[in-house]
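Notes for the one structure printed next.
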Amino acid sequence: MENYTNCNIKCGFYELDITPFLGEHIPGYSSIRIADGVKSKLSVKALAVGHSEVEAVIIAIDGIRTTTEICDGIYRRVLELVGVAQEKILVAATHNHTAATYFDNKIQKEDPFYTQFLIRRGADCAVMAIKAMEEGTIRYGCGKTENMAFIRNYRLKDGAIRTNPGVLNPEIVAPIGQPDEDFPFMLFYNKDGKPLGALSSFSLHHDTVTGTEYCADFSGALADELKQAYGRDFVSVFLAGFCGNVNHINVNLPVEEWKHPVYLHIGKTLFRTMHENAAQACAMETTEVRSMKRTFEIEQRKVSPEKIEEAKALLKLDPATLGKPLGKYPELPAFKRAKAPVLIDYAKTQDKPCTVVIQAIRIGDCIIYALCGEIYVEFQHYLKENSPATFNMFSSLSNGSFGGYLPTQDMYEVETLYEAQLPSAKLKKGSGEFLVEQLVEMAKALMK
């Protein structure tokens, strides 16, 4: 690859180890998991981009979500240390289900010491990326993946819509939607042609690893492959695309025919996709870098008095008599009882609006769209169709606020759908549609 000096731009990468302490609670399910080992180390990674000054900083944390506490703490420390304001900073989580708990949760317990450690590490990583900035160039690429991402909601023969209804379930009629199999990436080189790092985005639930060992999941496997190919100092900053209704489960293929370990297979496949498309990656035509954030107060959904009374009544029952609270049957008493304490607590604050931060970052010919929560992939399809940019990337679970689901408005009233349940999908119906329209407006302003 030639002509590395055609871009008047600076970029810098850095990464730090944030592997939690053993004995911490692992989040992600309605059960207690205590960490007793490390399958692969967790990291926080940062990319800083700009010209004479920093115009954008992207921080990716190996964790299940971002919180307002985490983000505000990082913003304050970065501002204090290097003077970069939060409007230029994107803080995202990979949605890792084998990390640690660092927020208020009625099921798992937070370790406040680790939370503060994570804030400091996240900010320090951003500061070091800023200090590492050097002249370089950027190239855009996008590869196509197959048979890795699957819609996880299906219509069954009885008319119900189920999340993860089971492999080879004969009652399945069809999936509700289409995944996004594109794998967009940016490769960054210094002026001498040395590869510095990559920014990439893929829409697949970061939940391919089970058990009680910490693991960076498939984005960690991707990072390991990239280091082997481009050098140990190469940093892979990965953003979890909009994948609230997308996971790795192929319901049409027996589990014994899957390629195991799944996280290694996906990580290696993403690496091959990037590596094979790197030669055709396009040089950045413009060096414009800008970031824009907007904050909204979004009304929350309301729990009816009947639902609250039902939850209180269920709490009086012995859970052993109700069976296992399977996520694919949210209308059954066992599931409702497991969620009852959270639902009752939610009802106490449901009249208070939820603060939602959205962000769009322009890096040359690319727009990065960032939203909080677990967002349905349909919103990603919409943004791609309406984006003013040639290249597009997506970042869910970003910049704090809530970590629940953001379904399309036609899915809100589906009682049998796991992702539509309160208090997880707590923003009022139609919020997703409103927020992506705002993102399109922001992108158009950035591309002027």
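We did not get these values from a lab; they are worked out from the coordinates using the rules stated. Note that the coordinates shown come from a computational prediction; the quantities given were computed from them, not determined experimentally. Cβ sites come from the backbone with ideal geometry, for glycine too, and all protein chains shown count toward neighbours.
Tabulated values for the structure
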quantity: Under the span-like rule (Cα at least 18 Å along the axis, Kyte-Doolittle mean at least -0.5), DSSP H helices of the chain; calculated: 68-82, 112-131, 217-230, 262-277, 333-348, 431-447
quantity: For Ser43, residues with placed amide H under 5 Å, excluding near neighbours; calculated: Ile18, Asp62
quantity: Spatially proximal lysines relative to Lys191 (Cα-Cα < 27 Å; intrachain offsets below 8 disregarded); calculated: Lys10, Lys45, Lys88, Lys131, Lys227
quantity: For the range 350-448: span of alpha carbons on each principal axis (Å, largest first); calculated: 42, 25, 17
quantity: Most to least packed among 245-258, 218-231 [average Cβ atoms within 10 Å]; calculated: 218-231, 245-258
quantity: Sorted by Cβ density within 10 Å, fewest first, the residues Cys125, Cys282, Cys366; calculated: Cys282, Cys366, Cys125
quantity: Ranked His95, His381, criterion: other C-beta atoms within 10 Å, fewest first; calculated: His381, His95
quantity: For Val246, distant residues with modelled amide H under 5 Å away; calculated: Arg152, His205
quantity: Percent antiparallel among DSSP beta bridges (both partners in the chain, rounded to 5); calculated: 75 percent
quantity: Counting all C-alpha pairs of the range 185-338, share separated by more than 22 Å (%); calculated: 63 percent
quantity: 10 Å binning of all Cα-Cα separations within the range 213-292, expressed as whole percents from 0 upward; calculated: 14, 36, 34, 13, 3
quantity: Kirkwood Rh in Å, taken over all unlike Cα pairs in the chain; calculated: 22.3 Å
quantity: GNM flexibility winner over the chain from Gly193, Gly37, Gly159 (Cα, springs under 10 Å); calculated: Gly159
quantity: Positive minus negative residues near Leu427 (Lys, Arg vs Asp, Glu; Cβ under 13 Å); calculated: +1
quantity: Highest-MSF residue in the chain out of Leu427, Leu397, Leu156 [GNM, Cα springs under 10 Å]; calculated: Leu156
quantity: The chain: most fluctuating residue of Lys293, Lys426, Lys348 per GNM, C-alpha cutoff 10 Å; calculated: Lys348
quantity: All lysines inside 23 Å of Lys429 as judged from Cα atoms, apart from same-chain residues fewer than 8 positions distant; calculated: Lys293, Lys302, Lys307, Lys328, Lys336, Lys339, Lys348, Lys352, Lys384
quantity: Where Rh is the Kirkwood radius over Cα pairs, Rg/Rh for the range 303-348; calculated: 0.95
quantity: Sequence of Ser304, Ser398 once ranked by neighbouring C-beta atoms within 10 Å, starting from the fewest; calculated: Ser304, Ser398
quantity: Amide H within-cut-off set for Ser401, under 5 Å, with H built and near neighbours excluded; calculated: Thr68
quantity: Debye-sum result for the range 169-210 in log10 I(q)/I(0), which assumes one identical scatterer on each alpha carbon, at q = 0.18, 0.27, 0.35 Å⁻¹; calculated: -0.78, -0.98, -1.11
quantity: Qualifying aspartates and glutamates (Cα of each under 20 Å from Cα of Lys324; at least 8 residues distant if same chain); calculated: Glu310, Glu415, Glu419
quantity: Within-12-Å neighbourhood charge of Cys282 [Cβ basis; K, R +1; D, E -1]; calculated: -1
